[in-house]
Ligand SMILES: Nc1ncnc2c1ncn2[C@@H]1O[C@H](COP(=O)(O)OP(=O)(O)OP(=O)(O)O)[C@@H](O)[C@H]1O
Ligand SMILES: [Mg+2]
């Protein structure tokens, strides 16, 4: 993405001339203080917010229309900061199977794949729970499961470790280490970041700097 400028309100820029290039397998941390624009950046990268200026590129081509965003979203999965934005089905298993079913997998295969993802995160016992009955940490891992079941090539993770206890954090770290692709992950937890990423970017005065 190049020269991205974005503001929610005229005259109050959140991102100003922000450029960023990510390689497929890169594992990057996104750091920055509260309100510095990390979530905004993730939303722009998925086409959920449109910048006032600047261009998003995917596989070397500018993303300009719905078809372009569809292609991008079929390869990039985003885990939202607030899991309530991601869980909306009657049970957690339904939520995890939702994407695979939508992309044409049959019921049994989708269920099998979803259970495998839930097992990999150590939350298979929560499969039949309605999401609103889950704890905050359980919801966080559950929303990660809904994204992993789509087998994306790249992940955008917005504070996935927030509110997780040590055991759940360890399972998240394991899942990220086993993930075959790259990711951009925001977190305020330096220890977690160090364990799962190789490089980091810092949101500084409305654009990104290394470190
Ligand atoms: N929907 C919105 N309408 C207006 N302003 C918004 C909206 N969402 C975010 N903002 C403002 O944009 C700025 C960046 O917010 P953003 O949520 O991207 O920060 P963040 O780096 O993700 O913060 P945190 O670490 O707390 O998650 C903040 O000043 C915030 O108040
Ligand atoms: Mg945020």
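The values are calculated or read from the model by the stated rules, or taken from the named source; none is laboratory data. Because the structure is predicted, anything quoted here is derived from the model rather than measured. Every residue, glycine among them, receives a Cβ derived from its backbone with ideal geometry; neighbour counts consider all protein chains shown.
Total residues in the stretch 1-18 satisfying the condition of being in contact with a strand residue (DSSP E or B) (Cβ under 8 Å, 6 or more places away or on another chain) and either under 26 Å from residue 195 (Cα atoms) or within 7 Å of ligand 1 (Cβ to nearest atom) (or both): the figure is 2.
Per-residue answers, yes or no, for (1) assigned to a helix (DSSP H, G or I); (2) more than 21 Å from residue 182 (Cα to Cα); (3) in contact with a helix residue (DSSP H, G or I) (Cβ under 6 Å, 6 or more places away or on another chain):
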residue: 34; (1), (2), (3): no, yes, no
residue: 49; (1), (2), (3): no, yes, yes
residue: 54; (1), (2), (3): no, yes, no
residue: 64; (1), (2), (3): no, yes, no
residue: 68; (1), (2), (3): yes, no, no
residue: 84; (1), (2), (3): yes, yes, no
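The set of residues in the stretch 9-27 being farther than 15 Å from residue 200 by Cα, touching a residue at least 24 places away in the same chain (Cβ under 8 Å) and assigned to a strand (DSSP E or B) consists of 13, 14, 15, 16, 17, 18. Residue 132 fulfils the conditions (1) touching a helix residue (DSSP H, G or I) at 6+ places or on another chain (Cβ under 6 Å); (2) exposed (fewer than 14 other Cβ atoms within 10 Å of the Cβ) except for a single criterion, (1). Residues in the stretch 139-163 that are surrounded by fewer than 20 Cβ atoms within 10 Å (Cβ to Cβ) and free of Cβ contacts under 8 Å to residues at least 60 places away in the same chain were compared, and the one that is nearest to residue 93 (Cα to Cα) is 151. In the stretch 165-188, the residue that is surrounded by the fewest Cβ atoms within 10 Å (Cβ to Cβ) out of those that are closer than 20 Å to residue 84 by Cα and more than 16 Å from ligand 2 (Cβ to nearest atom) is 165. Quick check on residue 98: is it within 12 Å of ligand 1 (Cβ to nearest atom), at pLDDT 95 or above and either on the phi < 0 side of the Ramachandran plot or touching a helix residue (DSSP H, G or I) at 6+ places or on another chain (Cβ under 8 Å) (or both)? Criteria not met by residue 98.
Would you be able to say whether some residue in the stretch 96-113 is closer than 13 Å to residue 142 by Cα and either without any contact (Cβ under 8 Å) to a residue 24 or more places away in the chain or not in a helix (DSSP H, G or I) (or both)? No, the stretch 96-113 contains no residue that is closer than 13 Å to residue 142 by Cα and either without any contact (Cβ under 8 Å) to a residue 24 or more places away in the chain or not in a helix (DSSP H, G or I) (or both).
As for the stretch 71-79, it holds at least one residue that is within 16 Å of ligand 1 (Cβ to nearest atom) and surrounded by 13 or more Cβ atoms within 10 Å (Cβ to Cβ).
Right, residue 100: buried (at least 17 other Cβ atoms within 10 Å of the Cβ) and within 15 Å of the chain's Cα centre (by Cα) or not? It is false that residue 100 is buried (at least 17 other Cβ atoms within 10 Å of the Cβ) and within 15 Å of the chain's Cα centre (by Cα). Name the pairs: first residue in the stretch 32-45 and within 15 Å of residue 72 (Cα to Cα) and free of Cβ contacts under 8 Å to residues at least 40 places away in the same chain, second residue more than 6 Å from ligand 1 (Cβ to nearest atom) and assigned to a loop (DSSP other than H, G, I, E, B), Cβ to Cβ under 6 Å, at least 6 apart or on different chains? These pairs meet every condition: 43/49. Of note, residue 93 does not satisfy the criterion of being in a helix (DSSP H, G or I) and surrounded by fewer than 20 Cβ atoms within 10 Å (Cβ to Cβ).
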